[in-house]
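Everything on this sheet refers to the single structure shown next.
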C-alpha cells in the first residue's frame, strides 16, 4: 500500500504519534511541493481586503460558475 494523503495535525499528541510512525518506518514524510507563490498570496490578500471593505462586491459561487459556463 502506498497511498499519499495530506493531513492537518490538530493535537500535540497526534504529532507525537506521527513522529513515532516515522521512526518505525511506517510512514514517510514528503516535502511539500504545493507551495503557493508569493505573488498569488499577495493577490488573494488584496482581494480579501477589498471584499472585507465592500462585501457586496462578492459573487455567489453558483452565479459565478453560471457566468463562466455561459462564456464558454
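Just so you know, all these numbers are worked out from the coordinates, no wet-lab data involved. Note that the structure is predicted; figures quoted are calculated from it, not measured.
Axis angle, to the nearest 10 degrees, between helix 12-23 and the longest C-alpha principal axis of the chain: 60 degrees. Calculated mean residue ellipticity at 222 nm for the chain: -17000 deg cm²/dmol, from DSSP H runs with n ≥ 4 weighted as -39500 (n - 2.57), summed, divided by the residue count and rounded to 500. Kirkwood hydrodynamic radius computed over the chain comes to 16.8 Å, based on all pairs of distinct alpha carbons. Between helix 38-53 and the chain there is an angle of about 50 degrees, using the helix long axis and the longest principal axis of the Cα atoms. Taking 0.36 nm per residue of separation and subtracting the current Cα-Cα distance, fully stretching the chain between residue 49 and residue 68 would add 4.5 nm. Quick one: angle between helix 61-71 and the longest Cα principal axis of the chain, in degrees between 0 and 90, rounded to 10, please. Rounded to the nearest ten degrees, it is 70. Straightening the chain between residue 5 and residue 59 buys 16.3 nm, computed as 0.36 nm per residue apart minus the Cα-Cα spacing.
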